[in-house]
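Comments concern the structure below.
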Amino acid sequence: MIEVLERERTFHLSTEHTSMILHVMESGHVVSLYWGGKVYGKEFSYIVDELKKASYLAWTDGNRNFRLEQYPVLYPVFGNPDLRSPALHLRYEDGSRITNLRYSSYRVLSGKQKIPGLPTVMDRSEDGKESDEATLELVFADRSRGIRLKLLFSVFGKHDAITQSAVLINDSKGSVWVEKVMSACFSFLADEFDCITLTGAWAREFRRTRQSLRQGKFLVDSRRGASGHGQNPFLALTDPGCTEDTGNVYGMNLVYSGSFEASVEVDMQHNTRMMMGIQSFDFSWELHSGEEFYTPEAVLVHSDRGLNGMSQIFHRLYRERLMPPNWAERPRPIAVNNWEATYFDFDRKKLLDLADEAAGIGAELFVLDDGWFGHRNSDGSSLGDWKVNEEKLGGSLKNLGQEMKERGLGFGIWMEPEMVSPDSDLFRAHPDWIIAAPLEEPQVARNQYVLDLSRKCVREFVIEAVAEILEGGVIDYVKWDMNRNITDAFSGELFPGNQKELMHRYMLGLYGILEELTERFPEILFEGCAGGGGRYDPGMLYYMPQIWVSDDTDAIERLRIQDGASLIYPSVSMSCHVSAVPNHQIGRITPLKTRGIVAMQGVLGYEQDLTKCTEEGKKELAEQIGYYKTVRHIMQEGTFYRLRAGENDYAWMHISRDGSEILAGYVQVMAKPNTVPERLQLKGLEEKAWYALEGTDIVRTGSQWIHCGLELDQSMEDYHAVQWGLRRVEMP
Ligand code: GLA
């Protein structure tokens, strides 16, 4: 809901449990007075009126008693006179970098509008029903410069989330250069925060990092042309004592898949400013006269129920308002992928043998990974040559797909359409289509170059090449991979003065391609991948409802990775496969049961040579799959709780949408000698309702499971895992 208090010059944005209060000061600057748990009232400007005047800061508008720099400016602009980190930094033809934006008007729009060319959280309220989603548009102007800025805040009432984005409009006669334009910014009149980010690297993505803030600036960013393995476009500020279940959390997540930055600055006056948007290092955008520039949007979530509360808000919003609606609710197929089973070394017989085993254990989808096109038998060639290698496959892709269908399996393929190998017909024909700088030999990574998707002809080629493979109805799934970052950032198509636009133009190009392909093939399930979780972000989730979380398939490594990802992304978006032991990335040997339980936290799949399994092994796999089919709706639609995330043990649970079924998992990393018996406390159950523990005759109340917990069988075994099912029952 958006309440406009005209007399108080105040906007009150409220969701079911939160409020954000914005206020227009006499000077025309807009400040953020409050964001947090729901508040009621009309007058909130005393919060800034009570500010004690700080010394040495520049006066504002000649008023010695008004020093803008100490105010929680909603969307700060560089240099006049606030000197902290700006959200907006423009450069003009006369060399000035000073912009003086003042509030001019507002509009309240019903629902949520799509941002042209960019993925966004959508208004998907059911037909005919009144939407509780509304948008506040605040317009600012710098009349002497002919610049307007629109800030858009969309409120998702029952989802408890707010999105923010910005639009810049150049009404002047000349060009303006946008050096920095953030999607969202929020300033707090406080500095007692911890800051949580998700950092890592290839095969160890999504490490939770938490630090207490001090005066100075903290930044996570990517200059890679992708959100990257090293950091997620996410940042949360929390109360210092915030836990999984208590305390205030303020989370921001950017709906964008390219280079980004997320920063927090604690300033001289003990105030904190957080912001997020497109990476400003090596960014500059020429906004010609009459043009508009749209930023991606950021999702802002406040929870006063700790980190689990924040995660649940993100999960539900992304499932119901971001992911492709036709996929969000559909049971995700259990895949068998041939990558770790065969790598590039396969032929028709090997694939069909694997498919027979896959069908035998009850899998639902066979995914043919890398190596089916051109003459690609290693990562050294053929990207860009999307012609089926019929000799290797022993027939057409269609024919192979039909073989899968005959076995009752869907059929999926791997593609990496954004790339080209130096050894490819495509590169030989169009060496100028890659991203490469003049006078420099372009760098290869994994033997490949990046196609310049800022160019229309390249985008058209990619769309047609992919569409040609997907047409014919035999493909049910595509794993869309991206295995290197952008170096040598330069486009032959852009003028020298516009080269810093390339990274963002690449993303706009990619989104355009994905928009068209997902529209043309709505029945195909697209799974995102970038060497694992190198581009796992809300921008990708808008097109691809599941993402390969990490190339690291070791169950113990995955505990940490999935725990971190679960901070923001719903379980149904996490593609998790059971692989062989010793694990291919790290050599660890873990029990099959543990691998199964860990993978069942998300979308279960398999990635191992099933033809080498013993009969006993296959029986266990079939049992895992059989069980998963009975519980996947709990994972897919339910509410997720992290129960434990220590170094040595992890536990989590899902509660089905109707609250009647519970699935909980626990993994102990290393066995400990002489332990005291421990209990695992569950969360989120109805205190007075009764729940039966499946496989036993134990029936207890929700309050008992929550407060007294269930007995943990910490057997004397490393990598030991347990899974429990509970069901709500009538009072016994
Ligand atoms: C990437 C992916 C893997 C696999 C290979 C194929 O590394 O993350 O899962 O698909 O590419 O080359």
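Below is a table of values for the structure above.
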{"read-out": "Residues whose placed amide H lies under 5 Å from that of Q546, excluding near-sequence neighbours", "value": "G528"}
{"read-out": "Pair R428, C457: separation of 7 Å Cα→Cβ label points (nm)", "value": "1.9 nm"}
{"read-out": "Quarter of the Cα convex hull surface for the chain, i.e. its orientation-mean projected area (nm²)", "value": "33.8 nm²"}
{"read-out": "Burial ranking of peptide ranges 693-700, 273-280 (average Cβ count within 10 Å, highest at the top)", "value": "273-280, 693-700"}
{"read-out": "With Cα atoms, 0 to 90° folded angle of helix 397-406 axis to the chain main axis", "value": "60 degrees"}
{"read-out": "Dipole axis of the range 645-732 (+1 Lys, Arg; -1 Asp, Glu on Cβ), positive-most option in C708, L680, A645", "value": "C708"}
{"read-out": "Alpha-carbon centroid distance for the pair the range 99-169 / the range 184-210, whole angstrom", "value": "26 Å"}
{"read-out": "Dipole magnitude of the range 54-163 about its Cα centre (Cβ charges: Lys, Arg +1; Asp, Glu -1), debye to nearest 20", "value": "380 debye"}
{"read-out": "Electrostatic dipole magnitude of the chain [Cβ: Lys, Arg +1; Asp, Glu -1; Cα centre; debye, to 20]", "value": "1500 debye"}
{"read-out": "The chain - percent of accessible surface contributed by carbon and sulfur, probe 1.4 Å", "value": "50 percent"}
{"read-out": "Dipole of the chain [Lys/Arg +1, Asp/Glu -1 at C-beta], most positive-end residue of M268, S19, M507", "value": "M268"}
{"read-out": "Heavy atoms of W202 accessible to a 1.4 Å probe, total area in Å² rounded to 10", "value": "140 Å²"}
{"read-out": "Nearest-10 value in Å² for the accessible area of W724, using the 1.4 Å probe", "value": "30 Å²"}
{"read-out": "Ranked order, D221, D304 - accessible area, probe 1.4 Å, largest first", "value": "D304, D221"}
{"read-out": "Angle in degrees between helix 306-321 and the longest Cα principal axis of the chain, rounded to the nearest 10", "value": "80 degrees"}
{"read-out": "For the range 383-503, size of Cβ-based charge dipole, Lys and Arg +1, Asp and Glu -1, in debye", "value": "280 debye"}
{"read-out": "For the range 22-168, with +1 on Lys and Arg beta carbons and -1 on Asp and Glu, the positive-most of P116, P76, V139 along the dipole", "value": "P76"}
{"read-out": "Solvent-accessible area of K150 with every protein chain in place, 1.4 Å probe, in Å² to the nearest 10", "value": "40 Å²"}
{"read-out": "Restricting the range 441-476 to GluC sites (Glu not before Pro) in coil, as DSSP defines it, with at most 12 other Cβ within 10 Å", "value": "E471"}
{"read-out": "Under 12 Å from the E686 label point (7 Å along Cα→beta-carbon), backbone N, the range 649-668", "value": "658-661"}
{"read-out": "Violating pairs (Cα-Cα greater than 25 angstrom) within the set K52/K150; K349/K612; K479/K619; K349/K387", "value": "K52/K150; K479/K619"}
{"read-out": "Solvent exposure ordering (accessible area, 1.4 Å, most first) of T487, T701", "value": "T487, T701"}
{"read-out": "Solvent exposure ordering (accessible area, 1.4 Å, most first) of C708, C185", "value": "C708, C185"}
{"read-out": "Cα gyration tensor, the range 690-732 - rounded (a/c under 1.5), prolate or oblate", "value": "prolate"}
{"read-out": "Between 0 and 90°, nearest 10: helix 555-565 axis offset from the chain longest Cα axis", "value": "30 degrees"}
{"read-out": "Rounded accessible area per residue of the chain, 1.4 Å, Å²", "value": "37 Å²"}
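The values are calculated or read from the model by the stated rules, or taken from the named source; none is laboratory data. Since the structure is predicted, the reported quantities are computational estimates derived from the model, not experimental observations. Backbone-built Cβ (ideal geometry, glycine too); neighbour counts: all protein chains shown. These accessible areas exclude ligands, DNA and RNA; they are computed on the full protein's heavy atoms, side chains included. Shrake-Rupley method; radii C 1.70, N 1.55, O 1.52, S 1.80 Å.
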